[in-house]
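Participant: Sharing a structure with you now.
The values are calculated or read from the model by the stated rules, or taken from the named source; none is laboratory data. Just so we're clear, the structure is a prediction, and the values are computed from it rather than from any experiment. Quick reminder, even Gly has a Cβ in these numbers, built from the backbone with ideal geometry, and neighbours come from all protein chains shown. Protein only, heavy atoms only, side chains kept; ligands, DNA and RNA dropped before computing areas. Shrake-Rupley method; radii C 1.70, N 1.55, O 1.52, S 1.80 Å.
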Amino acid sequence: MEGESYRGIWVFAEQRQGKLKDVAYELLAKGRELASALKTEISAVCLGYGIDEVDKLIAHGADKVYLVDSPELADSQEDLYTHELVKLIREHKPEIVLAGATAFGRAVIPRVAAILKTGLTADCTGLDIDADKRLLLQTKPAFGGNVMAVITCPAGRPQMATVRPRVFKKNPPDGTRKGEIVKVDFDREGVTSRTRLLQFVEDITERIRIEEADIIVAGGRGLGDGKNFDMLWELASVLGAAVAASRPAVDEGWVPYSHQVGQTGKTVCPKLYIAVGISGAVQHLVGMQTSDIIVAINDDPNAPIFEVATYGIVGDLFKVVPMLIDKLKNR
Amino acid sequence: MNIIVCLKQVPATTEVKVDPQTNTIIREGIKSIINPLDSYALEEGVRLKERCGGKVTAISMGPPQAEEALREAISLGADEAVLICDKAFAGADTWATAYTLAAAIGKLGQYDIVICGRQTLDGDTGQVGPQLAEMLGVAFIAYVSKIEEVAPQRLRVRRMVEEGYEVIEAALPAVITVVKEINVPRLPSLRGLARAKSAAIPVWTAGELGLDPKLVGLSGSFTRVIKVFSPQRTCRGEVLQGELEGQVECLVSRLKDAGVI
């Protein structure tokens, strides 16, 4: 079988404006487990311009880093990234390629798989190895998280998956790890970029990004009014947390869409998720139910949010939240 | 402007169950709808036509009953619709789906833009749009939240990223996927409903698209679903008791003990 010439695991280490995203370290941690099950090595592949702290990829588990650092890659033009990734994968033939299921990863990686004529599983929440067949067992949610599917790619190589950020935990960096950084010249020949970045507008309401936050304070319909979100912003600032919202709160225009957690918004997995006035429709739960600790504050004891909550307070959020702010300030 | 909108018919609910005997999803008695995010794609296509003139063609790959979704698309403003339907297409993964859609778009002839929803409600992959663009060999932009300007051979859009949004210009033709922020879909008009009733919807098979049956459906798919199951949602929680103030104190100390605050 052709697959026998493919060896090793690759992690696409995504960066934005030269800063590596955490999902790269998370994938390296999981990738190391998979690599030892397959008795093979793990490499990171990193494209961009002026990328900081590339050696951190080694400290977090990479045996090798393929680094393509070029001014032409500064604006994350997807045509160029797609082309370069395809070229590197064809040259080095990894058997598995993992990438973060970020906005960028979910746009570029499917195109890479389309060109390579191989399988790609989207938005995985679990990865495992069938060592005998050298198959990657990919678990992904479907139907908004009501169903889980295990997917394999028996014949196509590499086996490719995008993985939700924050599903896997990164390992603490080990500065004594040894690894090799392989610098690759960017070869633009034969590729034209059909898109051009004209402007980037940062969302300033999102002072801490919900995908990266350790603590999230989320509000829902129970807040009753947009101005009541001020209370959540205050709670968030006491905790150093980000503010998120359920779909009804976004649909009401209380909070911008970039803060929405759930099926049609973002998936988060913080250490602590405090759901305030959120009933917990399944569409919301799929976006946050893997959080380490979930606190629910709601006056309806039958709200489904209490089924996933680690700690629940049944009560009037307009009383509970100010008390909580007060206690946290005086902790 | 020739606008193509890709639609999928999906179950009206995500609250589906897995049959523990057969390991398949129980679909009986579940109504079908146009995938919600695809209705934003359709609406944007119709708005684009209203702005620039031209024609909106809705296409869908699916079983014979997917024709209903295409009739609904006509009632919502699509001018024409084509159903891509063949037993050979069953079980397609995103690669085989994109491959088949690309062949159908090739048969439709000249086009300026293909609009898809960000992802479907059932498969949840979001991969068909980018893979389709690649197979058509045209520009691709994901997560479009606004079409700012359309000029001949050029498109300027807002694309959502985690940190905010980007303004991107693309050469046409292009494939874009849209997020729900882009518009508020309209309701069907009476005229649209009448048109939908009488519209002829051609059905294109693998043979008519000149496709090798080995490259479509399950046999053309690189991935295999080896298992489906319902996730276990274990109730691990503790509802705090007592006076509200005491509960809040208790919560703070639990969170401190857990080391999260």
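Participant: Cβ contacts < 9 Å: first residue in contact (Cβ under 8 Å) with a residue 40 or more places away in the chain and within 10 Å of chain B (Cβ to nearest Cβ), restricted to segment A:91-108; second residue part of a loop (DSSP other than H, G, I, E, B) and polar (S, T, N, Q), any location; separation 6+ or different chain. Result?
Facilitator: Sorted first by the residue in segment A:91-108, then by its partner, the pairs are A:101/A:267; A:104/A:76; A:106/B:119; A:106/B:125; A:106/B:127.
Participant: On to the next question. Please enumerate the residues belonging to segment A:304-323 that are surrounded by 20 or more Cβ atoms within 10 Å (Cβ to Cβ) and within 14 Å of residue B:238 (Cα to Cα).
Facilitator: At the first step, the residues of segment A:304-323 found to be surrounded by 20 or more Cβ atoms within 10 Å (Cβ to Cβ) are A:305-306, A:308-309, A:311-313, A:317, A:320-321.
Within segment A:304-323, A:305, A:306, A:308, A:309, A:311, A:312, A:313 meet the criteria.
Participant: Does at least one position in segment B:37-45 carry a residue that is more than 11 Å from every other protein chain (Cβ to nearest Cβ) and closer than 19 Å to residue A:143 by Cβ?
Facilitator: Step one: filter segment B:37-45 for residues more than 11 Å from every other protein chain (Cβ to nearest Cβ), giving B:38-39, B:41-45.
Now drop any that are not closer than 19 Å to residue A:143 by Cβ, which leaves B:38-39.
So far as segment B:37-45 goes, yes, one or more of its residues are more than 11 Å from every other protein chain (Cβ to nearest Cβ) and closer than 19 Å to residue A:143 by Cβ.
Participant: Oh, and also: If I go through segment B:147-205 residue by residue, how many of them are within 10 Å of chain A (Cβ to nearest Cβ), touching a residue at least 40 places away in the same chain (Cβ under 8 Å) and assigned to a helix (DSSP H, G or I)?
Facilitator: Residues that pass the stated criteria total 1.
Participant: Of the residues that make up segment B:109-131, is at least one within 26 Å of residue B:30 (Cα to Cα), more than 8 Å from every other protein chain (Cβ to nearest Cβ) and in a strand (DSSP E or B)?
Facilitator: The answer is yes, given that some residue of segment B:109-131 is within 26 Å of residue B:30 (Cα to Cα), more than 8 Å from every other protein chain (Cβ to nearest Cβ) and in a strand (DSSP E or B).
Participant: Open to solvent by 70 Å² or more (accessible area, probe 1.4 Å) and among the charged types (D, E, K, R): which single residue out of A:188, A:209, A:166, A:177 fits that description?
Facilitator: Just a single option satisfies the conditions, and that option is A:188.
Participant: Now a separate question. Could you check residue A:85 against (1) crowded, with 23+ Cβ neighbours inside 10 Å; (2) in a helix (DSSP H, G or I); (3) facing another protein chain (nearest Cβ under 9 Å); (4) among the aliphatic types (A, V, I, L, M) and say which number it fails?
Facilitator: (3)
Participant: Shifting gears a bit: Could you list all residues from segment B:206-230 that are open to solvent by 20 Å² or more (accessible area, probe 1.4 Å), within 14 Å of chain A (Cβ to nearest Cβ) and part of a helix (DSSP H, G or I)?
Facilitator: Correct list: B:214, B:215, B:218, B:219.
Participant: Could you list, in sequence order, the residues of segment A:115-126 that are open to solvent by less than 10 Å² (accessible area, probe 1.4 Å) and either of a type outside the set (A, V, I, L, M, F, W, C) or touching a helix residue (DSSP H, G or I) at 6+ places or on another chain (Cβ under 8 Å) (or both)? Give the steps one after another, and end with the answer.
Facilitator: Start the filter on segment A:115-126 by keeping residues that are open to solvent by less than 10 Å² (accessible area, probe 1.4 Å), which leaves A:118-119, A:121-122, A:124.
A:118, A:119, A:121, A:122, listed by residue number.
Participant: Now a separate question. Among (1) modelled with pLDDT of 90 or more; (2) within 14 Å of chain B (Cβ to nearest Cβ), where does residue A:202 come up short?
Facilitator: Of (1) modelled with pLDDT of 90 or more; (2) within 14 Å of chain B (Cβ to nearest Cβ), only one is false for residue A:202: (1).
Participant: Which ones in segment B:9-31 are more than 19 Å from residue A:282 (Cα to Cα), over 12 Å from the mean Cα position of the chain (by Cα) and of a type outside the set (D, E, K, R)? Steps first, answer last, please.
Facilitator: First pass over segment B:9-31, keeping only residues more than 19 Å from residue A:282 (Cα to Cα): B:9, B:19-24, B:28-29.
From what is left, the residues that are over 12 Å from the mean Cα position of the chain (by Cα) are B:19-24, B:28-29.
Residues satisfying the conditions are B:20, B:21, B:22, B:23, B:24, B:29.
Participant: If only one of A:271, A:266 is out of contact with any strand residue (DSSP E or B) (no Cβ under 6 Å at 6 or more places or on another chain) and under 30 Å from residue B:183 (Cβ atoms), which one is it? Outline the logic, then answer.
Facilitator: Details: A:271 fails: under 30 Å from residue B:183 (Cβ atoms).
After applying the criteria, what remains is A:266.
Participant: For residue A:191, which of the numbered conditions (1) part of a loop (DSSP other than H, G, I, E, B); (2) over 29 Å from residue B:174 (Cβ atoms); (3) among the aliphatic types (A, V, I, L, M) fails to hold?
Facilitator: (2)
Participant: Would you mind listing the strands (runs of 3 or more DSSP E) fully within segment A:1-69 where at least 2 residues are without any contact (Cβ under 8 Å) to a residue 60 or more places away in the chain? Working first, answer last.
Facilitator: On the way: elements: A:9-12, A:42-48, A:64-69.
Hits in segment A:1-69: A:42-48.
Participant: Counting only residues that are touching a residue at least 40 places away in the same chain (Cβ under 8 Å) and out of contact with any Asp or Glu (no Cβ under 7 Å at 6 or more places or on another chain), which one in segment A:129-143 is surrounded by the most Cβ atoms within 10 Å (Cβ to Cβ)? Steps first, please.
Facilitator: Of segment A:129-143, the ones touching a residue at least 40 places away in the same chain (Cβ under 8 Å) are A:129, A:131, A:134, A:136, A:141.
Pick out the ones that are also out of contact with any Asp or Glu (no Cβ under 7 Å at 6 or more places or on another chain) and you get A:129, A:131, A:136.
Working: A:129: 18, A:131: 11, A:136: 26.
Of everything passing the filter in segment A:129-143, A:136 is surrounded by the most Cβ atoms within 10 Å (Cβ to Cβ).
Participant: Take residue B:237 and tell me if it is more than 10 Å from chain A (Cβ to nearest Cβ) and closer than 30 Å to residue A:307 by Cβ.
Facilitator: Numbers: more than 10 Å from chain A (Cβ to nearest Cβ): no; closer than 30 Å to residue A:307 by Cβ: yes.
No: the conditions fail for residue B:237.
Participant: If we keep just the residues of segment A:311-331 that are facing chain B (nearest Cβ under 8 Å) and over 14 Å from residue A:276 (Cα atoms), which is modelled with the lowest pLDDT?
Facilitator: Across segment A:311-331, the extreme among qualifying residues is A:331.
Participant: Could you pull out the residue among A:174, A:128, A:132, A:123 that is among the acidic types (Asp, Glu) and within 27 Å of residue B:140 (Cβ to Cβ)?
Facilitator: Numbers: A:174 fails: within 27 Å of residue B:140 (Cβ to Cβ); A:128 fails: within 27 Å of residue B:140 (Cβ to Cβ); A:132 fails: within 27 Å of residue B:140 (Cβ to Cβ).
None of the other options fit; the residue is A:123.
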